[in-house]
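The block underneath contains the structure these notes are about, expressed in structure tokens.
The values are calculated or read from the model by the stated rules, or taken from the named source; none is laboratory data. No experiment lies behind these values; they were computed from the predicted model shown. Note that each Cβ is placed from the backbone with ideal geometry, even for glycine, and that neighbours are counted across all protein chains shown. The area values use the complete protein model at the heavy-atom level, side chains included, leaving out ligands, DNA and RNA. Shrake-Rupley method; radii C 1.70, N 1.55, O 1.52, S 1.80 Å.
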Amino acid sequence: MANIKNPYSLNSKAVAEATKYWLHKRGVTLEEIAELVLFLQQKYYPNLTIEECIHNVEMVLSKREVQNAVLTGIQLDVLAEEGKLFTPLQEMIENDESLYGVDEILAFSIVNVYGSIGFTNYGYVDKLKPGVLERLNDKTTGQIHTYLDDIVGAVAAAASSRIAHRKQAEREQELGLPHAPEDTEEAARKLAAEDGLE
């Protein structure tokens, strides 16, 4: 009897764990991403803590589309380091070719998770390259981070956007204004509770 292969089934927990593993393996900590978030948001929210920033980074990284982007980008960086991509893609990624913009396009899929405000945040840190982004852009290390630098900036930008949305919701609640949760899962839980499904 022939071997019957089980149909593929996504293991969400494994994907989430792999995302954190590969960020760590490539030398990026959640704290470093959170420092970018603090850099982006502290002017607007002077009482913002690094712990809040870390929490928001973790929430962004819990999104499946973000995990997919992180794993895809890091894999391409690693393959380029190992010289395993076909030419001319190998050379474009290896040299972080300025006219190669697919790394930014992948980052946009992360930035967009929390709305268009993320594009502004992303553009700002991508231009300035503060903190961990400066290190990831150092071409003298022998490591290739063509995708990772954009991914890290995008995660920070998305976390910053998440904070901005949350702070606006807090203001609305303080003023007694009608408020609808902006996170899809939070909104779904609220609707389910109202309908008596939870």
Determine the pairs where a residue that is modelled with pLDDT of 90 or more, located within the range 3-20, has a partner that is among the small types (Gly, Ala, Ser) with Cβ atoms under 7 Å apart, the partner being 6 or more residues away or on another chain.
16/62
Does the range 1-56 hold any residues that are assigned to a loop (DSSP other than H, G, I, E, B) and within 17 Å of the chain's Cα centre (by Cα), and which are they?
26, 27, 28, 29
As an exercise: evaluate residue 163 against (1) under 16 Å from the mean Cα position of the chain (by Cα); (2) open to solvent by 30 Å² or more (accessible area, probe 1.4 Å); (3) touching a residue at least 40 places away in the same chain (Cβ under 8 Å) and give the number of the one condition it does not meet.
(2)
Scanning the range 92-103 for residues that are open to solvent by 50 Å² or more (accessible area, probe 1.4 Å) and in a helix (DSSP H, G or I), which turns out farthest from residue 143 (Cα to Cα)?
102
Any residue in the range 73-84 that is surrounded by 23 or more Cβ atoms within 10 Å (Cβ to Cβ) and part of a loop (DSSP other than H, G, I, E, B)?
no
